[in-house]
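Data block below; observations after.
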Amino acid sequence: MSLCEAEKTFVLHGVEENLRIDGRDREQYRPMELETDVVSHAFGSARLRLANTDVLVAVKIEVDAPFPDRPTEGKLEFFVDCSANATPDFEGRGGEELAAEISNCLSSAYSSSLSFDLTKLCIVKGRKCWKLYVDILILECGGNLFDAISIAVKVALWNTQVPKVRCIDMDGNTVDINVCQDMFECQRLDVENAPVMVTVCKIGDKCIVDPNAAEEQCSVGSVVVAVSGNRLSTVLQTGMGSLHPLTLVECLKMGHKVGKKLDEAVKEILEKSPKGGDVGFLN
Amino acid sequence: MPIDHKRINGPDDTLPYQLFIKLNRQSLSQKYKELVQNGKRHDSRTPLQHRKIFMKTGVVSQAKGSAYIEVEKTKVIVSVFDPREIPNRQDYSLKGEIYCEFKFAPFSCEKRRLHQLDAEEKQYSQMMKKALEATVCRHEFPNFQVDIYALVLHNDGSALSAAITAAGLALSHAGVPMYDLITSVTLGIQKDTILIDPTTKEEQICRAPFVKEQEDNEHGLVVISMIHTHNQVAQFYQTGSISLEKLSHLIETLEKACADIVPVIQQCLVKHVIKTIKKSSNAN
């Protein structure tokens, strides 16, 4: 999609007046649709639809050896797949750069132990740990990928069930792990402080969140703010242009405020939803 | 990760032996105490002091423009090549493109780096591209691409910042039209201590918090690139866990630190100009 000058001016004026082209105000998100437990082969999964953006996140767990410089920590890896059915722009290797940017941003946001505790994923210190593969599939692209993906990842991790380890046999160098047989006896991950990302877009003199595809074209620069609890876990400037330091601080303030609200809303929804595990007639 | 089979890659599951040295078994807080003692850092800098910088242009004769930067032990070479037509592109792009490659030499870090770009290097390349895209007048060379290669010879912290600063210098040496000079500074934070231009060791202690339950366990790294006269932030990146108030304060500190480097680049460019004038007058 490409906009002409008149259309761009229309969008810009709307933002000035705090009434955007789809009727939202500057700090408002589009409606979201959230689904969990959608992939039965995964240990945890979530699908999020934010207007026209559709992402599917699935978590797979495998046993691995921890990094020798961090023997008490598990591993967490993100893979983003920008397939060509999301938008034709992703055809061939077109989506690769964006995919790398998103996965780097996610791993940077989750890197601090204050936002996500990896020590819970350790099984035997220095020997065995759980490795979480978080696979992110973009089904449809309608703008604002960072925000949609971060929420979907958070919910997928909340939904993840790590198998309980019953006993461990150590015989010299070989470690035997005995995992619980009961499929309902699982550990949940703590996602209290898992980061939520907010893309703050600068249009004209004002900043907005959750831009749609038309608004994304009008923006000169944007900042992705990852909010974890009350702190910022990652800030990344994206887009072409540059920002004045004061504008940057303003963007951060807005991102922080909206991010906290968004985080609360997500948590509220998750509390309401029934926990998986108590489904089925055997339990 | 695909492996280049035409090179000898060595076994891929080797470890640097330093990991097993006793000194490395220290806890983070011990390392921190060793590095920062009553307001002084281990290399006797104050927390807000940048390391000394040496810069030189024209180090690669084959390239259109090149620069070499030394921030004490951190050493980076950046070369810029002539604009060429964007390969494999059908449609006409109104703005020129910038291709950046940030590479650690295999011997530059404690752990040996492979020849192919890994995830960290790709991330740094993207940030470098972001910083330079905002600085270069891309509308001056439509449908063309400028290639910029940064090679880190020795990494002793703040390598990305050094590379961006040097890339700005190399671009102006190459005569690529730019809005302004670009400078970049890295900053580390651990608890209340701010460390400008951290070394590798200091970067390491800023990556994780000491204690979990305390209130003041802020930590993290911040990289900022500034366009000097227009006072614009061309690139910004933060990781770790920092409160909003602290981060806004850090941005102010970094702004000043970036402005301090500008004269060094200016001097280096003046030297280059004088040299070229002398050369041409001698030839006449």
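None of the figures in this text is laboratory data; all of them are computed from the coordinates on show. Every value quoted in this text rests on a predicted model; they were computed, and no experiment measured them. All Cβ positions, even for glycine, are placed from backbone atoms using ideal geometry, and neighbour counts span all protein chains on display.
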Practice prompt. Compute the semi-axes of the equivalent ellipsoid of chain A, taking the square root of 5 times each eigenvalue of the Cα gyration tensor, and list them largest first in whole Å.
Written response: 38, 19, 17
Worksheet, complete the sentence: Rounded to whole angstroms and listed largest first, the alpha-carbon spread of region A:31-191 along its three principal axes comes to 54, 33, 29
Discussion item. What does DSSP give for chain B in terms of the percent of beta bridges that are antiparallel, rounded to the nearest 5?
Written reply: 85 percent
Worksheet item: How long is the gain from B:Tyr179 to B:Asn38 if the chain were fully straight, where each residue apart is worth 0.36 nm and the alpha carbon distance is subtracted?
Response: 46.5 nm
Discussion item. Just checking the output field for A:252-262: average partner chain Cβ neighbours within 10 Å of each residue's Cβ?
Written reply: 1
Discussion item. Using the crude model of +1 on Lys and Arg Cβ and -1 on Asp and Glu Cβ, and no other charge, please compute the dipole size for the protein assembly as shown relative to its Cα centre, in debye to 20.
Written reply: 2180 debye
Discussion item. Would the protein assembly as shown count as rounded, prolate or oblate if I go by the C-alpha gyration tensor, calling it rounded below 1.5 in a/c and otherwise prolate when a/b exceeds b/c, oblate otherwise?
Written reply: oblate
Practice prompt. Evaluate the distance, in nm, between pseudo-label points positioned 7 Å from the Cα of A:Asn178 and of A:Glu5 along their respective Cα→Cβ axes.
Written response: 7.7 nm
Worksheet item: For chain A, the longest stretch holding no chymotrypsin sites (Phe, Trp or Tyr not before Pro) located in a DSSP loop with at most 15 other Cβ atoms within 10 Å is which?
Response: A:1-183
Worksheet item: What fraction of the DSSP beta bridges in chain A is antiparallel, stated in percent and rounded to the nearest 5?
Response: 85 percent
Worksheet entry | Separation of alpha-carbon centers, region A:243-267 and region A:142-170, rounded to whole Å | 24 Å
Discussion item. Report, to one decimal in Å, the Kirkwood hydrodynamic radius for region A:1-111 based on all distinct Cα pairs.
Written reply: 17.8 Å
Worksheet item: Using 1/(1 + (r/R0)^6) with R0 = 41 angstrom and r between the beta carbons of A:Lys260 and A:Asp89, what's the FRET efficiency to the nearest 0.05?
Response: 0.80
Worksheet item: Given A:Ile149, A:Leu246, B:Met55, which one lies farthest toward the positive end of the charge dipole of the protein assembly as shown, if we put +1 on the Cβ of every Lys and Arg and -1 on the Cβ of every Asp and Glu?
Response: B:Met55
Discussion item. Could you check the spin-label model distance between B:Leu48 and B:Ile274? Points 7 Å from the Cα along Cα→Cβ, value in nm.
Written reply: 3.2 nm
Response to the item:
Checking rank on A:198-208, A:168-178, with mean other Cβ inside 10 Å and highest first, the result is A:198-208, A:168-178
Item to complete: Taking chain A as the reference, fit the longest principal axis to its C-alpha atoms, fit the long axis of helix A:5-16 to the helix C-alpha atoms, and give the angle between the two in degrees, 0 to 90, nearest 10.
Response: 70 degrees
Item to complete: Starting from the Cα of B:Lys22, draw a straight line to each of the lysines and keep only those under 20 Å, dropping any in the same chain fewer than 8 residues away.
Response: A:Lys125, B:Lys31, B:Lys33, B:Lys111, B:Lys201
Worksheet item: Between A:Val165 and A:Asp81, what FRET efficiency follows from the Cβ-Cβ distance if R0 is 25 Å, with the result rounded to 0.05?
Response: 0.25
Item to complete: Please give the average number of partner chain Cβ atoms lying within 10 Å of the Cβ of each residue in B:13-20, rounded to a whole number.
Response: 1
Worksheet item: Give or take rounding to whole Å, what are the principal axis extents of the alpha carbon atoms in region A:1-61, in descending order?
Response: 49, 23, 15
Worksheet entry | Length-normalised contact order for chain A - Cα pairs under 8 Å, 6+ apart - percent | 19 percent
Worksheet, complete the sentence: Helix A:245-272: inclination vs chain A longest Cα principal axis, degrees, rounded to 10, gives 50 degrees
Worksheet entry | Cα-projected label distance for A:Asn230 with B:Phe20, points at 7 Å along beta-carbon direction, nm | 4.5 nm
Worksheet item: Roughly how big is region A:87-165's charge dipole about its Cα centre, with Cβ charges of +1 (Lys, Arg) and -1 (Asp, Glu), in debye to the nearest 20?
Response: 920 debye
Discussion item. Among DSSP bridges having both ends in the protein assembly as shown, what percentage is antiparallel? Round to the nearest 5.
Written reply: 85 percent
Discussion item. What whole-number distance in Å separates the alpha-carbon centres of region B:174-195 and region B:224-279?
Written reply: 5 Å
Item to complete: Diagonalise the Cα gyration tensor of chain B and give the resulting equivalent ellipsoid semi-axes, square root of 5 times each eigenvalue, largest first, whole Å.
Response: 34, 23, 19
Practice prompt. List the chymotrypsin sites (Phe, Trp or Tyr not before Pro) within region B:78-174 that fall in a DSSP loop (any state other than H, G, I, E or B) and whose Cβ has at most 10 other Cβ atoms within 10 Å.
Written response: B:Tyr92, B:Phe107
Response to the item:
Binned at 10 Å from zero, the C-alpha pair distances of region B:96-172 give percents of 19, 50, 24, 7, 0
Discussion item. Please list, by residue number, every one of the GluC sites (Glu not before Pro) in region B:146-230 that is coil in DSSP and has at most 16 other beta-carbon atoms within 10 Å.
Written reply: B:Glu213, B:Glu215
